Amino acid sequence: METTVGMSSVLEQDIREKFRRSGYTLTSQRRAVLEALKEARGHPSAEDVYLTVKRKNPRVALGTVYQALSVLEEIGVVDSKHWSESPTRYDLNVEPHLDIRCARCGAVSEIPGVELGELEENIRYNTPYEVKRTTIVVEGLCPSCREA
Ligand SMILES: [Zn+2]
């Protein structure tokens, strides 16, 4: 069953707006990378994105995918997360939220119900810094790895 027919219109509008403001162009390659990110459940690495793009676009180069991801990150369309012993993972959800990574199998999923805004508020209140970015890395054992 084919389910991926473009992105939701709200996300689409937001992305177009970010491209417009940045002066970058939403090229077909950048669009293909975005579609692959959307398709990949969880939080894919650049390599995962590359393999997905390659299925429809056999001649795409890994370097092209890296460049597209870097532009998308620069203009705030995607976020990247870094766990130790794992390649950088990319996330289309750029709202402040927590992700947890299984230390054994590497699966990454979102943690619901944790309010990060409050944390940033506290940091602003307790330090003279202007907070630009908060990254928290959480690791655990997923249910299947706990059973194994
Ligand atoms: Zn696991």
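Here is how the numbers come out for the structure above:
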{"read-out": "Integer Hz, Karplus 6.51/-1.76/1.60 couplings in order for the stretch 93-104, x for Gly and Pro", "value": "7, 9, 6, x, 7, 9, 10, 10, 10, 6, 5, 9"}
{"read-out": "Rounded to 5, the percent of DSSP beta bridges in the chain classed as antiparallel", "value": "75 percent"}
{"read-out": "Distant-in-sequence amide H partners of Asp99 (H built 1.01 Å from N, under 5 Å)", "value": "Ile111, Val138"}
{"read-out": "Listed residues Glu35, Glu130, Glu12, most fluctuating in the chain (Gaussian network, C-alpha, under 10 Å)", "value": "Glu130"}
{"read-out": "Set of lysines near Lys56 by C-alpha distance (under 22 Å), chain-local residues within fewer than 8 positions excluded", "value": "Lys38"}
{"read-out": "In sequence order, calculated HN-Hα J values of the stretch 23-29 (Karplus, 6.51, -1.76, 1.60; Hz; x Gly/Pro)", "value": "x, 7, 9, 7, 6, 5, 5"}
{"read-out": "Positive minus negative residues near Thr127 (Lys, Arg vs Asp, Glu; Cβ under 12 Å)", "value": "-2"}
{"read-out": "Partners for Lys132 among lysines (Cα-Cα distance below 19 Å; same-chain residues under 8 apart left out)", "value": "Lys18, Lys81"}
{"read-out": "Rg ratio (alpha-carbon, reference 2.2 N^0.38 Å) - the chain", "value": "1.14"}
{"read-out": "Alpha-carbon Debye profile of the stretch 95-148, log10 I(q)/I(0) at 0.13, 0.17, 0.29 Å⁻¹", "value": "-0.43, -0.63, -1.11"}
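FYI, it's all coordinate maths here, none of it is from the lab. No experiment lies behind these values; they were computed from the predicted model shown. Heads up, the Cβs are rebuilt from the backbone with ideal geometry, glycines too, and the neighbour counts pull from every protein chain shown.
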